[in-house]
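Asks: Take this structure first; my questions come after.
The values are calculated or read from the model by the stated rules, or taken from the named source; none is laboratory data. The model shown is predicted, which means the values in this text are computed figures rather than measured ones. So basically every Cβ, Gly included, is an ideal-geometry build from the backbone, and we count neighbours across all protein chains shown. When the accessible area is computed, the model is the full protein with side chains, heavy atoms only, and any ligands, DNA or RNA have been set aside. Shrake-Rupley method; radii C 1.70, N 1.55, O 1.52, S 1.80 Å.
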Amino acid sequence: MANLSRRDFLKVGKSFLAVTGLAVVLGPIIAFFYPSNLEETPSDPVLIGPESELGEGESKTVRFGRYPAIVINTSEGLRAYSAVCTHFACIVKWDLQRNEIVCPCHDGFFSPHTGEVISGPPPRPLDPIHVEIVDGEIYIGGAA
Ligand code: FES
């Protein structure tokens, strides 16, 4: 390594960038054609974590089967929704200042209490997910 010339170092750097770039481009394409075996929606409840770690006004985005879910401790209690926007499937985020769930792609806004569309282009509410607390732990999904 001590005898590595500047030219060799640049070659290594270029190769590294080429491989990394290839992985960035090909990764999503491969994932599209060969999706993982994750369930669309898990049949069993998914553990989110201790209730004490999600204070009022806080949220957590977690993997829920193939797609993410958003769990929010609202002023009216815990709520969970699919984090996939019903417009063009961008991932929604919690905005504490606005007290709304926001889709950054086309300014879609949803109620944290019901998932209903407040404004913007989404055609329907976020898909709700059952939330349950068992022995102080938050679980989502797994029940009607
Ligand atoms: S994808 Fe969410 S508002 Fe368009």
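Asks: At a probe radius of 1.4 Å, what is the per-residue accessible area of THR20, in Å² to the nearest 10?
Replies: 60 Å²
Asks: What list of whole percents do you get for P(r) of the chain, with Cα-Cα distances grouped in 10 Å bins up to the one holding the largest distance?
Replies: 11, 31, 25, 15, 10, 7, 1
Asks: Using heavy-atom solvent-accessible surface (probe 1.4 Å) with all chains present, what is the largest-first order of LEU17, LEU10? Write out the running numbers ahead of the final one.
Replies: Numbers: LEU17 120, LEU10 90 Å².
Heavy-atom accessible area, descending, gives LEU17, LEU10.
Asks: Of the heavy-atom accessible surface of the chain (probe 1.4 angstrom), what whole percent is carbon and sulfur? Before the final figure, lay out the partial values.
Replies: Values: 5520 of 9480 Å².
With neighbouring chains kept in place, the figure for the chain is 58 percent.
Asks: Given a 1.4 Å probe and the protein chains all in place, what does the accessible area of SER43 round to, in Å² to the nearest 10?
Replies: Approximately 80 Å² for this residue.
Asks: Where nothing but the Cβ of Lys and Arg (+1) and of Asp and Glu (-1) is charged, how large is the charge dipole of the chain around its Cα centre, in debye to the nearest 20? Numbers along the way, then the final one.
Replies: Values: 11 positive and 17 negative charges, 256 e Å.
With only Lys, Arg, Asp and Glu charged at Cβ, the dipole is about 1220 debye.
Asks: In a Gaussian network model over the chain where Cα atoms closer than 10 Å are linked, find which of GLY13, GLY120, GLY108 has the largest mean-square fluctuation.
Replies: GLY13
Asks: How big, in percent, is the set of alpha carbon pairs in the range 59-144 lying more than 17 Å apart? Display every interim value, and only then the final one.
Replies: Details: 1498 of 3655 pairs.
Of all Cα-Cα pairs in the range 59-144, 41 percent lie more than 17 Å apart.
Asks: Could you pull out every residue, at least 5 positions away or on a different chain, whose amide H is within less than 5 Å of the one on GLY108? Hs are placed 1.01 Å off N in the peptide plane, and Pro or chain starts have none.
Replies: Amide H to amide H, under 5 Å and 5 or more residues apart or across chains, GLY108 pairs with CYS103.
Asks: So what is the 222 nm mean residue ellipticity for the chain from helices alone, if each DSSP H run of at least 4 adds -39500 (n - 2.57) and you divide by all residues, rounding to the nearest 500 deg cm²/dmol?
Replies: Numbers: 1 runs with 28 residues, N = 144.
Taking each H run of at least 4 residues, the total per residue is -7000 deg cm²/dmol.
Asks: What are the chymotrypsin sites (Phe, Trp or Tyr not before Pro) within the range 62-124 that DSSP puts in a loop, where the Cβ has at most 16 other Cβ atoms within 10 Å?
Replies: PHE88
Asks: Something else: Quick one: angle between helix 6-33 and the longest Cα principal axis of the chain, in degrees between 0 and 90, rounded to 10, please.
Replies: With rounding to tens, the tilt is 40 degrees.
Asks: With the other protein chains left in place, how much accessible area per residue, in square angstrom, belongs to the chain at a 1.4 angstrom probe?
Replies: Details: 9480 Å² over 144 residues.
Each residue of the chain exposes 66 Å² on average to a 1.4 Å probe.
Asks: Another question about this same structure. Restricting to Cα pairs below 8 Å that are 6+ residues apart, what does the relative contact order work out to for the chain? Please round to a whole percent.
Replies: Relative contact order comes out at 20 percent.
Asks: Can you pull out the trypsin sites (Lys or Arg not before Pro) in the range 41-144 that DSSP calls coil and that have at most 14 other Cβ atoms within 10 Å? Could the numbers behind the result be given before it?
Replies: Details: sites: LYS60, ARG63, ARG66, ARG79, LYS93, ARG98; in loops: ARG66, ARG98.
Answer by residue number: ARG66, ARG98.
Asks: Related question: Which aspartates and glutamates have a Cα lying under 16 Å from the Cα of LYS11, excluding residues fewer than 8 positions away in the same chain?
Replies: The reachable aspartates and glutamates, counting only those whose Cα sits under 16 Å from LYS11, number zero.
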